[in-house]
Amino acid sequence: MGELLLKKHSCKRPVKHIALLFTAYIERPQLIRAKVPILKFRDKVSGVEFDLNVNNVVGIRNTFLLRTYAYIEKRVRPIILVIKKWARHHGINDASRGTLSSYSLVLLVLHYLQTLPEPVIPCLQKAYPESFNPSMDIHLVPNGPRDIPPYTSKNDSTLGDLLLGFLKYYSTVFNWEKSMISVREAKALPRPNYKDWKNKYICVEEPFERSNTARAVHEKMKFDTIKAEFMESWQLLQAKKDLNFILPVRATIQKR
């Protein structure tokens, strides 16, 4: 999924009016009335889906953080793409419907890759604090991670191994009731005792502003559905050793 971030001076119209300017080029426009309003749409030519928002400074910071994680280890991008397709296929990748946002899913994946006995990726915010300083002037953010080199991991797991391990981790290892996912610290932390974090079914820390990116999951039924999909897919993939049993790849390709 692409993400287009507009600075304050570059767009003065509300996001709900932007779709009217590009109706010849986009389809399926949808306004998500979140903490930061998001305009979702799809490019008619390429089929790429976009989330567009305005004046979202933290979005610029986390975009370059995620991009750097994808750059330093070649397995990061494909495992994230597969997991997002899996989540969408099973109906648990839509914050507007009370399930996980794509951003939360990406953080779930990065957290898992960081916390393996032999990590696939490091904690960039700890290893390169000056490159991801949350108080850095926003105009300097794109240059911050420019010189970070690729990461050499001792973990030689295949993408299939990592996918199975990801599903197992969130089915049987991670404690949803007591823990918070933190990519910033590269570990599971105790849930904060603040108002915004209490009575939340899933807690995923935003790496810069430290809010809960999974606050959209506010119904127990949706939370139970998410956990059930993890468990069922893990058991099925473990037994069958075939991705088609949890994500019909051929059908997905034909649909596109």
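The values are calculated or read from the model by the stated rules, or taken from the named source; none is laboratory data. None of the values given here were measured: they were computed from a predicted structure. We place every Cβ from the backbone using ideal geometry, glycine too, and count neighbours over all the protein chains shown. Note: areas computed on protein heavy atoms with side chains; ligands, DNA, RNA excluded. Shrake-Rupley method; radii C 1.70, N 1.55, O 1.52, S 1.80 Å.
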task: Give the calculated FRET efficiency between Ser179 and Lys227 to the nearest 0.05, with a Förster radius of 22 Å applied to their Cβ-Cβ distance.
output: 0.95
Whole-Å distance, taken between Cα centres, linking segment 196-221 and segment 136-195: 16 Å
statement: Cα-Cα longer than 19 Å, checked against Lys198/Lys222; Lys195/Lys222; Lys200/Lys227; Lys84/Lys195; Lys178/Lys220, kept in input order, equals Lys195/Lys222; Lys84/Lys195
message: Among (1) 16.7; (2) 14.5; (3) 17.8, only one was calculated for this model; which label is it, if the read-out is mean projected area of the Cα convex hull in nm²?
response: (2)
task: Using a cut-off of 15 Å between beta-carbons, work out the net charge of the residues near Gln114 (Lys and Arg +1, Asp and Glu -1, Gln114 not included).
output: +1
- request: Run the 1.4 Å probe and let me know the accessible area of Leu243, rounded to the nearest 10 Å².
  value: 50 Å²
Mean Cα-pair separation over length for segment 116-209, i.e. relative contact order, pairs under 8 Å, 6 or more apart, %: 27 percent
- request: First compute the accessible area of the chain with a 1.4 Å probe, then give the percent of it belonging to carbon and sulfur atoms.
  value: 54 percent
field: Candidates Asn133, Asn143, Asn53: whichever shows maximal mean-square fluctuation once the chain is modelled as a Gaussian network with Cα springs under 10 Å
entry: Asn143
field: Sequence of Ser46, Ser101 when ordered by accessible area, the most exposed leading, probe 1.4 angstrom
entry: Ser46, Ser101
- prompt: Ignoring ligands, DNA and RNA, how do Lys220, Lys40, Lys74, Lys178 rank by accessible area with a 1.4 Å probe, largest first?
  reply: Lys74, Lys178, Lys220, Lys40
- prompt: Over the chain, what is the percentage of antiparallel beta bridges among all DSSP beta bridges, to the nearest 5?
  reply: 70 percent
message: Distances longer than 17 Å among the Cα atoms of segment 72-190: what percent of all pairs is that?
response: 62 percent
field: Per residue accessible area in Å² of the chain, where ligands, DNA and RNA are left out and the probe is 1.4 Å
entry: 57 Å²
query: What full-extension length gain, to one decimal in nm, is calculated for Asp43 and Lys126 as 0.36 nm per residue of separation minus the Cα-Cα distance?
result: 26.2 nm
- request: Would you compute, from DSSP H runs of 4+ residues alone, the mean residue ellipticity of the chain at 222 nm, taking -39500 (n - 2.57) per run and dividing by the full residue count, rounded to the nearest 500?
  value: -11000 deg cm²/dmol
